[in-house]
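Heads up: the structure comes next, in structure tokens.
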Amino acid sequence: MVFSIIGAVVDIVTTVMTTIGLPGLLALMVLSMVGVTPIPCEVILPFAGFLVADGTFSFGWALTAAMAGTMIGAYVAYGVGLWWRDRVTGIGIGRLRLEPRYLESMDRYFARRGEVTVALFRLLPVIRTYISYPAGTARMEPVRFGVYTLVGAIPYTVALIYAGMLLRSNWVVLSSYFQLLDLPLIVLVLAFVVYLVLLTVGVLQPGWPPRRGRPANPTPPSGGAPPVAPPSFP
């Protein structure tokens, strides 16, 4: 039997939700939105939809539990970003560290486009989880953060639950193919690790898209005047 990373996640999700019920759905969504465990809502919500189609959950209660978990997890991540704002400055390895100028840029960005960024990121698979951290770090107004999280999260949540309802009995067949997603997942993780290493050694600068890092001690342009030595005093 071949071990599957995604398959193991699916087993955890199905076990928790069939054993605990709606509180299990809420708890899984909290963990998903905090982003510290590899349990994406793209697995949780379709299975919740399968249980709705099976008659185990009602659609209304499943949506309520999923959105409650989404909001709780989003505010937990927001709070972590806010609390760590002044604690992470200067922490890092090599050139991979958060400098005050990055925080200032983040503040300006969220002041101009924070609402639309939060709403749009809630519609994007996987990365929808992590927008809460910079939103908290940039001190986005918490009520507006919650409103735009709802704006983006509700249609995405409804769509995934409804997709699970359409799957119905095909869920078991579909879950057997999840191991095919292991390779893209491993490639993505390795690419992220390589990106962090290149940031650490200074080959790349922080930010997106990736840019070449600046040399620590830039040399003067060729043809320029030689540096003037400081005067010496007896």
Failed item in (1) out of contact with any helix residue (DSSP H, G or I) (no Cβ under 9 Å at 6 or more places or on another chain); (2) under 22 Å from Leu123 (Cα atoms), with Phe50 passing the rest:
(1)
Check whether at least one residue in the stretch 26-34 is among the small types (Gly, Ala, Ser) and touching a Pro at 6+ places or on another chain (Cβ under 7 Å), and report yes or no.
yes
Among what's in the stretch 85-125 and is surrounded by 13 or more Cβ atoms within 10 Å (Cβ to Cβ), of a type in the set (A, V, I, L, M) and at pLDDT below 80, pick the residue that is nearest to Leu31 (Cα to Cα).
Val88
Which of the residues belonging to the stretch 130-156 are β-branched (Val, Ile, Thr) and buried (at least 23 other Cβ atoms within 10 Å of the Cβ)?
Ile131, Thr137, Thr149
Taking Leu31 as the residue in question, decide whether it is within 12 Å of Ala65 (Cα to Cα) and modelled with pLDDT of 90 or more.
no
The stretch 3-53, subset touching a residue at least 12 places away in the same chain (Cβ under 8 Å) and polar (S, T, N, Q), residue farthest from Val158 (Cα to Cα)
Ser4
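In the stretch 99-138, how many are hydrophobic (A, V, I, L, M, F, W, C) and not in a helix (DSSP H, G or I)? Give the steps one after another, and end with the answer.
Filtering the stretch 99-138 for residues hydrophobic (A, V, I, L, M, F, W, C) gives 103, 106, 110-111, 116, 118-121, 123-124, 126-127, 131, 135, 138.
Filter once more, so that each one left must be not in a helix (DSSP H, G or I): 123-124, 126, 131, 138.
Result for the stretch 99-138: 5.
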A careful count of residues in the stretch 124-172 that are within 23 Å of Thr37 (Cβ to Cβ) and of a type in the set (Lys, Arg) gives 1
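Within the stretch 37-55, work out how many residues are assigned to a helix (DSSP H, G or I), among the β-branched types (Val, Ile, Thr) and over 15 Å from Leu22 (Cα atoms).
Number satisfying all stated conditions: 1.
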Taking the residues in the stretch 56-65 that are assigned to a helix (DSSP H, G or I) and either of a type outside the set (Ser, Thr, Tyr) or in contact (Cβ under 8 Å) with a residue 60 or more places away in the chain (or both) as candidates, determine which candidate is nearest to Gly79 (Cα to Cα).
Ala65
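Residues are listed down the side, and each one gets a yes or a no for (1) under 21 Å from Ala119 (Cα atoms); (2) buried (at least 19 other Cβ atoms within 10 Å of the Cβ):
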residue	(1), (2)
Ile44	yes, yes
Ala48	no, yes
Gly55	no, no
Gly60	no, no
Met67	yes, no
Thr70	yes, yes
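The values are calculated or read from the model by the stated rules, or taken from the named source; none is laboratory data. Only a predicted model underlies this, so the values are computations on that prediction, with no experimental measurement involved. No Cβ is skipped: glycine too gets one built from the backbone with ideal geometry, and neighbour counts run over all protein chains shown.
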